[in-house]
Amino acid sequence: MTQEPIAIIGIGCRFPGGIDDPASFWNFLKGGGDAIQEVPADRWNPDKFYDPDPVVPGKMNSRCGGFLSQIDQFDASFFGISGAEAARLDPQQRIALEVAWEALEDAGQVLERLAGSDTGVFMGAFSRDYSYLQLDDLDTITAHTLTSSNLNMVPNRISYWFDFTGPSLPVDAGCASSLVAVHLACSSIWQGDCRLALAGGVNVICKPEISIALSKAFLLASDGRCKSFAANADGMGRAEGAGVVVLKPLTQAVSDGDAIYAAIRGSAFNQNGRGNSFTAPEGRSQQAAIRKAYEKAGIAPQRVRYVEAQGSGTRLTDEVEAMAIGSVIGGDRPPGSECVIGSVKTNIGHAEAAAGIASLIKATLAIAHRQIPPHLHCQFPNLNIPWQDLRLRVPSALEPLADPEDGFPIAGVNALGIGGTNVHVVLQAIELDSSNLSESAVSESPSEPHLFILSAQRPAALTALVSKYLEWFNHQTTCRISLTDICYTVSLRRSHHRHRLAFIVHSQAQLVENLKAFLTEQQPFPASLLYPTPLHILAERYCQGESIDWHSLYSSQGRFVRLPTYPWQRLRYWHESEASWQRRVGSEPASVSPGSTDSDQSSSTVLEDWLKATGGDRIQRLISYFQDQVAQVLNCSPAHLDVQQPLNRMGIDSLTAVSFRSQIANHLKIDLPIEQLMASPSIAELAQLCHEQLVWQRLSASDSSTQETAEDVETLMI
């Protein structure tokens, strides 16, 4: 070994087939799930753009693919983003934010402790579909179109919201983007640029043009399915998806008590150079990248038990990739010890910028569970691939991934990108620990009391979180989960939000009953007792919003286990011109969230209202004015705005602040310094600032020969 292994301690994912967490992904994979469906009506009309002949102009030879649900919905308020900005925000940024949060919660990393840290973010992304939807109508472009259309905002949005100060890098290496992002994240940790990293990718498909282009290149599977390594492979099936892994040096992860899925031992990537074709794969370069990854890991390639391959589903790419993998990994293996290869694309389709992270997550879960999921749509393998000579085979059913005699199982993840990028990541299992899979076998005395807490940003989210826990408990039928570990995790390994509940329980059964009762009674904490115990006092203090030092409660007990993640409370946010919608789906568009609009109040009206008012009413008039302005930007009711809350907490960013400054100059004739707006005052503070400016303007406009008295100034100021 030449470098310390890097632990994968958390996973967040969103893939076709209703997959929204690692557990659902694993159940889907081991059951041989197939997520391919007909193109949803909100993407484009498949009848309008379909023709079985791939060369027909303006048509594609497939009407299917792998698609996510509700890409038009987002929990904007959780992330402090206004409705107007959310409507402009690329769904890839929205999904990346949610999946990053889920990955960190899955890893037990608390936001408050990470804020200001050198945590790095590396995200693969290259689709610009949503930008093109917005740019279709020049008259509707706003300042937020700028931040939506730039792909560097995908990782930067995450870094900004979580307050990470480490490297924040978008990666576009074609279909290898997200696995290259993992390689760069590991390299950044090894080089000391960051001590924790998030790596992954995201892909959303909104428009039919790229599918039409793939059809013209005979690269689009007619049934939308990737039949990787199969004799009848006829192209790729496009898919959406997102995935993020949380990475930390292995020794640090062990020291911090993190649960670990697997360890990354090494990685490498390169470029084809001037190969046979600019777009075709190059076997020698792939071999070089694979070989280098194992050299850096200090592992003999023949020890590899499983390779999660690119497996695009095009015959040429599959044949070149299989030959490259077999040439490096299959050599010197005795008969009967073949390396198993598979591809997640047969389950969910080709997720493009998120394809590599989907492959990594599948291989990671396979290692953690010591099982290899079945590879689909390959009843008859490609005969141009010399399977026996390469010592490779494709799994047709779920099979064990047993520990070899020379250590823990090793797996490789391979990815290729159009244009010539090759990347390979080496994974190794760690000592099997049930805590990796949310399972622990410690039990407590039934009489021992425990304090269980939950929190959310809104009451509806708290109710939804309780429901998620009840569902989770309902599925924990094969093992005992330590109640101490559960209570430790929700206390010390979760962020704490405004709306809270707390229960004192003696067993899991009692906890489940309390959770059920909460759904009907909405009782946030135990009723007052004549002689409250210390735990009762803690519960009541917590529910009243106090910050509690939980370390004192769990000084010598409790370990982290994986628990349900935050339940998003999504609303619809979408912006697209009617003309663009008509071209795609041929029907009337659904209602869309409006963007920000300028107030129709004239400058004379605003100033006249201020002058007509007297005393404190003048400030109140300005408060009402700014409430209306902010409400238009945030797409909400003025009554819902807290005039004492900082503007940035409401979702007002620098772009909106510049727009505000222009409106203030137009309506109030005040040249407010941009620094004052960037300091993010509250509406009340902003009204006071403008009031003072107007006062001094009135005084300055009076007869210069007349000296204003202190009484005059005081009269105007009040």
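Values for this structure:
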{"item": "nm² value of the averaged projected area, convex hull over the Cα atoms of the range 187-258", "result": "8.1 nm²"}
{"item": "Length-normalised contact order of the range 221-273 in % [C-alpha pairs under 8 Å, at least 6 apart]", "result": "20 percent"}
{"item": "Compactness of the range 77-136 as Cα Rg over 2.2 N^0.38 Å, two decimals", "result": "1.35"}
{"item": "Cubic angstrom per residue, convex hull over Cα atoms of the range 250-367", "result": "139 Å³"}
{"item": "Solvent exposure, largest accessible area first (probe 1.4 Å, DNA, RNA and ligands not counted), of 533, 165", "result": "165, 533"}
{"item": "In Å², nearest 10: area of residue 138 left accessible to a 1.4 Å probe", "result": "130 Å²"}
{"item": "Reach of residue 59 by Cα under 18 Å, taken over lysines that are not fewer than 8 positions away in the same chain", "result": "48, 207, 216"}
{"item": "Accessible surface of the chain [probe 1.4 Å, protein heavy atoms]: carbon and sulfur percent", "result": "52 percent"}
{"item": "Accessible surface of residue 678 - all protein chains present, 1.4 Å probe, nearest 10 Å²", "result": "100 Å²"}
{"item": "Pairwise label distance in nanometres, residue 135 with residue 470, each label 7 Å out on the Cα-Cβ vector", "result": "4.9 nm"}
{"item": "Fraction in percent of alpha-carbon pairs per bin - 5 Å, the range 100-190", "result": "3, 13, 18, 21, 18, 13, 8, 4, 1, 0"}
{"item": "Value of relative contact order over the chain, rounded to a whole percent, pairs C-alpha under 8 Å and six or more apart", "result": "16 percent"}
{"item": "Accessible surface of residue 637 - all protein chains present, 1.4 Å probe, nearest 10 Å²", "result": "50 Å²"}
{"item": "Charge dipole of the chain about the Cα centre (unit charges at C-beta), most positive-ward option of 555, 695, 542", "result": "555"}
{"item": "Crossing angle, helix 534-543 versus the chain [Cα axis fit, 0-90 degrees, rounded to tens]", "result": "70 degrees"}
{"item": "Gyration tensor over alpha-carbon atoms, the range 621-705, equivalent ellipsoid semi-axes in Å", "result": "25, 13, 11"}
{"item": "Ranked packing of 539-547, 201-209, most packed first, by mean Cβ within 10 Å", "result": "201-209, 539-547"}
{"item": "Convex hull of the range 368-424 built on C-alpha atoms - directionally averaged projected area, nm²", "result": "5.9 nm²"}
{"item": "Which labelled figure in (1) 229; (2) 244; (3) 195 is volume of the Cα convex hull per residue in Å³, once derived from the coordinates", "result": "(3)"}
{"item": "Signed unit charges on C-beta, dipole axis of the chain, positive-most listed residue 643, 79, 686", "result": "79"}
{"item": "Rounded to 10°, Cα long-axis angle of helix 283-297 versus longest principal axis of the chain", "result": "80 degrees"}
{"item": "Taking the range 176-221 and dividing mean pair separation by its residue count, relative contact order in percent (alpha carbons under 8 Å, at least six apart)", "result": "32 percent"}
{"item": "With Cα atoms, 0 to 90° folded angle of helix 683-701 axis to the chain main axis", "result": "40 degrees"}
{"item": "Accessible area in the full protein assembly, largest first, 1.4 Å probe, for 612, 227, 669", "result": "612, 669, 227"}
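The values are calculated or read from the model by the stated rules, or taken from the named source; none is laboratory data. Please read these numbers as outputs of a predicted model, since none were measured by experiment. Note: ideal-geometry Cβ built from the backbone for every residue, glycine included; neighbour counts use all protein chains shown. Calculation scope for accessible area: heavy atoms of the full protein, side chains included, ligands and nucleic acids excluded. Shrake-Rupley method; radii C 1.70, N 1.55, O 1.52, S 1.80 Å.
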